[in-house]
Amino acid sequence: MLQPMPSSARTTEAGRPTVLVVEDEAALLTLLRYNLERQGFRVEEAADGQEALLRVAEARPDLVLLDWMLPSLSGIEVCRQLRRRPATRDLPIIMVTARTEDQDAVRALDLGADDYITKPFVMEALLARIRALLRRSGSLATKGSLAYRDLVMDQDAHRVARGGRALHLGPTEYRLLEFFLQHPGRVFSREQLLDGVWGRDIHVEPRTVDVHIRRLRRAVNGPGEEDLIRTVRSAGYALDSEAT
Ligand code: CA
(Lines give C-alpha, C1' and ligand atoms only; values in the text may rest on other atoms or scores of the structure.)
Protein backbone atom coordinates (compact mmCIF):
# COMPACT_ATOMS: atom_id res chain seq x y z
CA MET A 1 0.00 0.00 0.00
CA LEU A 2 1.63 3.19 -1.13
CA GLN A 3 -1.33 5.33 -0.14
CA PRO A 4 -1.74 6.02 3.57
CA MET A 5 -5.21 5.10 4.77
CA PRO A 6 -6.99 6.29 7.89
CA SER A 7 -7.03 3.54 10.51
CA SER A 8 -10.80 3.70 10.70
CA ALA A 9 -11.21 2.75 7.04
CA ARG A 10 -12.57 -0.74 6.69
CA THR A 11 -11.78 -0.90 3.00
CA THR A 12 -10.14 -4.07 1.69
CA GLU A 13 -6.57 -4.67 0.49
CA ALA A 14 -6.93 -3.02 -2.89
CA GLY A 15 -8.89 -0.11 -1.40
CA ARG A 16 -12.16 -1.33 -2.83
CA PRO A 17 -15.23 -1.03 -0.61
CA THR A 18 -17.17 -4.24 0.06
CA VAL A 19 -20.93 -4.32 -0.42
CA LEU A 20 -22.97 -7.12 1.14
CA VAL A 21 -26.03 -7.81 -1.01
CA VAL A 22 -28.84 -9.53 0.92
CA GLU A 23 -31.36 -10.75 -1.64
CA ASP A 24 -33.30 -13.99 -2.01
CA GLU A 25 -34.07 -13.53 -5.72
CA ALA A 26 -31.16 -15.23 -7.47
CA ALA A 27 -31.57 -13.34 -10.76
CA LEU A 28 -31.57 -9.95 -9.04
CA LEU A 29 -28.60 -10.96 -6.92
CA THR A 30 -26.63 -11.86 -10.06
CA LEU A 31 -27.56 -8.57 -11.71
CA LEU A 32 -26.56 -6.56 -8.63
CA ARG A 33 -23.26 -8.41 -8.30
CA TYR A 34 -22.44 -7.78 -11.96
CA ASN A 35 -23.16 -4.05 -11.74
CA LEU A 36 -21.44 -3.51 -8.40
CA GLU A 37 -18.30 -5.32 -9.57
CA ARG A 38 -18.25 -3.20 -12.72
CA GLN A 39 -18.17 -0.17 -10.40
CA GLY A 40 -15.12 -1.58 -8.68
CA PHE A 41 -16.79 -2.87 -5.52
CA ARG A 42 -16.16 -6.20 -3.88
CA VAL A 43 -19.42 -8.10 -3.45
CA GLU A 44 -20.50 -10.48 -0.70
CA GLU A 45 -23.84 -12.27 -0.80
CA ALA A 46 -26.48 -13.56 1.57
CA ALA A 47 -29.81 -15.11 0.55
CA ASP A 48 -31.69 -14.82 3.85
CA GLY A 49 -31.72 -12.85 7.08
CA GLN A 50 -29.79 -15.28 9.27
CA GLU A 51 -27.06 -15.64 6.67
CA ALA A 52 -26.92 -11.84 6.38
CA LEU A 53 -26.04 -11.49 10.08
CA LEU A 54 -23.31 -14.13 9.74
CA ARG A 55 -21.85 -12.55 6.59
CA VAL A 56 -21.74 -9.12 8.22
CA ALA A 57 -19.69 -10.53 11.09
CA GLU A 58 -17.34 -12.46 8.77
CA ALA A 59 -16.91 -10.14 5.79
CA ARG A 60 -17.15 -6.79 7.62
CA PRO A 61 -18.71 -5.03 4.63
CA ASP A 62 -18.60 -1.26 4.14
CA LEU A 63 -22.28 -1.20 3.19
CA VAL A 64 -25.28 -3.55 3.29
CA LEU A 65 -27.92 -3.58 0.56
CA LEU A 66 -30.78 -5.21 2.43
CA ASP A 67 -33.95 -6.61 0.89
CA TRP A 68 -37.06 -6.18 3.04
CA MET A 69 -38.81 -9.46 2.17
CA LEU A 70 -36.46 -12.29 3.11
CA PRO A 71 -36.80 -15.89 4.29
CA SER A 72 -35.96 -16.82 7.91
CA LEU A 73 -35.51 -13.27 9.20
CA SER A 74 -36.98 -10.16 7.54
CA GLY A 75 -34.78 -7.32 6.36
CA ILE A 76 -36.27 -5.07 9.00
CA GLU A 77 -35.34 -7.53 11.74
CA VAL A 78 -31.79 -7.79 10.35
CA CYS A 79 -31.59 -4.00 10.35
CA ARG A 80 -32.84 -3.83 13.94
CA GLN A 81 -30.31 -6.42 15.12
CA LEU A 82 -27.41 -4.74 13.32
CA ARG A 83 -28.29 -1.41 14.93
CA ARG A 84 -28.39 -3.02 18.36
CA ARG A 85 -24.83 -4.35 18.12
CA PRO A 86 -22.04 -1.86 18.89
CA ALA A 87 -19.84 -3.15 16.04
CA THR A 88 -22.50 -2.52 13.41
CA ARG A 89 -24.37 0.41 14.91
CA ASP A 90 -23.03 2.76 12.22
CA LEU A 91 -22.77 0.27 9.35
CA PRO A 92 -24.34 1.93 6.27
CA ILE A 93 -27.58 0.15 5.30
CA ILE A 94 -29.78 0.68 2.25
CA MET A 95 -33.14 -1.08 2.47
CA VAL A 96 -34.78 -2.40 -0.68
CA THR A 97 -38.57 -2.37 -0.47
CA ALA A 98 -41.42 -3.20 -2.85
CA ARG A 99 -43.45 -0.40 -4.42
CA THR A 100 -46.50 -1.16 -2.27
CA GLU A 101 -44.59 -0.84 0.98
CA ASP A 102 -44.17 2.93 1.25
CA GLN A 103 -45.13 2.89 4.90
CA ASP A 104 -42.53 0.21 5.47
CA ALA A 105 -39.84 2.39 3.90
CA VAL A 106 -40.56 5.06 6.49
CA ARG A 107 -40.38 2.40 9.18
CA ALA A 108 -37.05 1.22 7.79
CA LEU A 109 -35.61 4.71 8.21
CA ASP A 110 -37.08 4.90 11.71
CA LEU A 111 -35.34 1.64 12.59
CA GLY A 112 -31.99 2.95 11.47
CA ALA A 113 -31.59 2.26 7.74
CA ASP A 114 -29.62 5.10 6.15
CA ASP A 115 -31.55 5.09 2.90
CA TYR A 116 -34.06 3.01 0.96
CA ILE A 117 -34.96 2.31 -2.63
CA THR A 118 -38.18 0.77 -3.94
CA LYS A 119 -38.41 -2.12 -6.37
CA PRO A 120 -38.37 -2.02 -9.31
CA PHE A 121 -35.45 0.41 -9.33
CA VAL A 122 -33.18 1.89 -11.98
CA MET A 123 -29.71 0.37 -11.51
CA GLU A 124 -27.90 3.71 -12.03
CA ALA A 125 -30.01 5.33 -9.30
CA LEU A 126 -29.17 2.57 -6.87
CA LEU A 127 -25.44 2.75 -7.68
CA ALA A 128 -25.49 6.53 -7.18
CA ARG A 129 -27.10 6.08 -3.74
CA ILE A 130 -24.54 3.46 -2.80
CA ARG A 131 -21.68 5.75 -3.82
CA ALA A 132 -23.25 8.69 -1.97
CA LEU A 133 -23.70 6.70 1.22
CA LEU A 134 -20.17 5.28 1.05
CA ARG A 135 -18.85 8.80 0.60
CA ARG A 136 -20.83 10.00 3.62
CA SER A 137 -19.53 7.14 5.74
CA GLY A 138 -15.93 7.81 4.70
CA SER A 139 -15.33 4.65 2.64
CA LEU A 140 -15.08 6.62 -0.59
CA ALA A 141 -14.56 10.18 0.62
CA THR A 142 -10.86 10.03 1.44
CA LYS A 143 -9.85 9.04 -2.08
CA GLY A 144 -9.13 12.49 -3.49
CA SER A 145 -7.04 12.47 -6.64
CA LEU A 146 -4.08 10.72 -8.20
CA ALA A 147 -1.63 12.14 -10.70
CA TYR A 148 1.29 11.15 -12.88
CA ARG A 149 3.01 13.69 -15.13
CA ASP A 150 0.15 15.52 -16.92
CA LEU A 151 -2.37 12.78 -16.09
CA VAL A 152 -4.88 13.55 -13.31
CA MET A 153 -7.56 11.26 -11.91
CA ASP A 154 -10.29 12.73 -9.69
CA GLN A 155 -11.45 9.63 -7.84
CA ASP A 156 -14.46 11.19 -6.19
CA ALA A 157 -15.90 12.57 -9.41
CA HIS A 158 -14.66 9.56 -11.43
CA ARG A 159 -12.99 11.85 -13.98
CA VAL A 160 -9.65 11.57 -15.74
CA ALA A 161 -7.82 14.27 -17.70
CA ARG A 162 -4.50 14.53 -19.48
CA GLY A 163 -3.08 18.02 -19.91
CA GLY A 164 -6.55 19.39 -19.14
CA ARG A 165 -8.20 17.22 -21.84
CA ALA A 166 -10.98 15.01 -20.46
CA LEU A 167 -10.43 11.30 -21.14
CA HIS A 168 -13.26 8.84 -21.66
CA LEU A 169 -12.45 5.47 -20.14
CA GLY A 170 -14.52 2.32 -19.83
CA PRO A 171 -14.95 0.97 -16.26
CA THR A 172 -12.17 -1.60 -16.61
CA GLU A 173 -9.73 0.88 -18.16
CA TYR A 174 -10.54 3.31 -15.36
CA ARG A 175 -9.70 0.75 -12.68
CA LEU A 176 -6.58 -0.33 -14.55
CA LEU A 177 -5.35 3.26 -14.73
CA GLU A 178 -6.26 3.83 -11.07
CA PHE A 179 -4.18 0.80 -10.12
CA PHE A 180 -1.20 2.04 -12.17
CA LEU A 181 -1.52 5.54 -10.69
CA GLN A 182 -1.33 4.04 -7.19
CA HIS A 183 2.02 2.43 -8.10
CA PRO A 184 3.71 4.62 -10.72
CA GLY A 185 6.86 3.20 -12.28
CA ARG A 186 6.27 -0.29 -10.95
CA VAL A 187 6.13 -3.16 -13.44
CA PHE A 188 3.18 -5.55 -13.08
CA SER A 189 2.74 -8.93 -14.72
CA ARG A 190 -0.59 -9.76 -16.36
CA GLU A 191 -1.41 -12.03 -13.42
CA GLN A 192 -0.68 -9.27 -10.90
CA LEU A 193 -2.90 -6.90 -12.86
CA LEU A 194 -5.67 -9.50 -12.93
CA ASP A 195 -5.42 -9.89 -9.16
CA GLY A 196 -5.24 -6.18 -8.44
CA VAL A 197 -7.79 -4.90 -10.94
CA TRP A 198 -10.21 -7.73 -11.68
CA GLY A 199 -9.98 -9.48 -8.32
CA ARG A 200 -8.81 -12.94 -7.40
CA ASP A 201 -12.22 -14.59 -7.60
CA ILE A 202 -12.88 -13.61 -11.22
CA HIS A 203 -11.60 -15.86 -13.97
CA VAL A 204 -10.24 -13.88 -16.87
CA GLU A 205 -7.68 -14.93 -19.48
CA PRO A 206 -4.32 -13.15 -19.04
CA ARG A 207 -4.48 -11.95 -22.66
CA THR A 208 -7.64 -9.99 -21.75
CA VAL A 209 -5.23 -7.65 -19.96
CA ASP A 210 -3.57 -6.86 -23.30
CA VAL A 211 -6.92 -5.89 -24.80
CA HIS A 212 -7.63 -3.43 -21.98
CA ILE A 213 -4.08 -2.06 -22.03
CA ARG A 214 -4.57 -1.35 -25.74
CA ARG A 215 -7.84 0.49 -25.02
CA LEU A 216 -6.26 2.39 -22.15
CA ARG A 217 -3.36 3.50 -24.38
CA ARG A 218 -5.79 4.66 -27.06
CA ALA A 219 -7.72 6.71 -24.50
CA VAL A 220 -4.73 8.16 -22.66
CA ASN A 221 -2.30 8.94 -25.48
CA GLY A 222 -3.53 11.70 -27.78
CA PRO A 223 -1.90 12.35 -31.18
CA GLY A 224 1.77 13.28 -30.72
CA GLU A 225 1.67 12.67 -26.98
CA GLU A 226 4.20 10.53 -25.18
CA ASP A 227 3.07 6.95 -24.43
CA LEU A 228 2.76 6.77 -20.64
CA ILE A 229 2.32 2.99 -20.53
CA ARG A 230 5.49 1.01 -20.87
CA THR A 231 5.48 -2.55 -22.15
CA VAL A 232 8.21 -4.56 -20.48
CA ARG A 233 8.97 -7.59 -22.59
CA SER A 234 8.17 -10.90 -20.87
CA ALA A 235 7.46 -9.00 -17.63
CA GLY A 236 4.32 -6.93 -18.07
CA TYR A 237 3.30 -3.28 -17.97
CA ALA A 238 4.06 -0.14 -16.03
CA LEU A 239 2.86 3.43 -15.86
CA ASP A 240 6.10 4.94 -17.04
CA SER A 241 7.40 6.67 -20.12
CA GLU A 242 9.53 4.83 -22.69
CA ALA A 243 12.10 7.63 -22.53
CA THR A 244 13.28 6.88 -18.99
CA1 CA B 1 -37.13 -10.68 -1.41
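Classify region 18-137 from the C-alpha gyration tensor, please: rounded if a/c falls under 1.5, else prolate or oblate depending on whether a/b exceeds b/c. Rounded, since a/c falls under 1.5.
Measuring nothing but how far apart in sequence close Cα pairs (under 8 Å, 6+ apart) lie, relative to its length, region 70-137 scores a relative contact order of 30 percent.
Tell me the Kirkwood radius of the chain: reciprocal of the mean inverse pair distance over distinct alpha-carbon atoms, in Å.
Values: mean 1/r = 0.0514 Å⁻¹.
It works out to 19.5 Å.
Entry note: region 145-239 has Rg to Rh equal to 0.94, where both radii use alpha-carbon atoms and Rh is the Kirkwood radius. Extending 7 Å from the Cα toward the beta-carbon at both ASP90 and HIS203 defines two label points whose distance is 4.1 nm. Note on the chain: antiparallel DSSP beta bridges, both residues inside, total approximately 45 percent of the bridges counted. Looking at the chain, identify the longest residue range that excludes and avoids all GluC sites (Glu not before Pro) in DSSP loops having at most 15 other Cβ atoms within 10 Å. Maximal segment without exposed cleavage sites: 26-224. Across the chain, C-alpha contacts under 8 Å between residues 6 or more apart give a mean separation that, scaled by the residue count, equals a relative contact order of 13 percent. Think of a 1.4 Å ball rolled over the protein heavy atoms: the chain then has 51 Å² of accessible area per residue.
The values are calculated or read from the model by the stated rules, or taken from the named source; none is laboratory data. Keep in mind the model is a prediction, meaning the values are calculated, not measured. Using ideal geometry, Cβ is built from the backbone for each residue, glycine included, and neighbour counts are taken over all protein chains shown. To get the accessible areas, we keep the full protein, side chains included, count just its heavy atoms, and leave off ligands, DNA and RNA. Shrake-Rupley method; radii C 1.70, N 1.55, O 1.52, S 1.80 Å.
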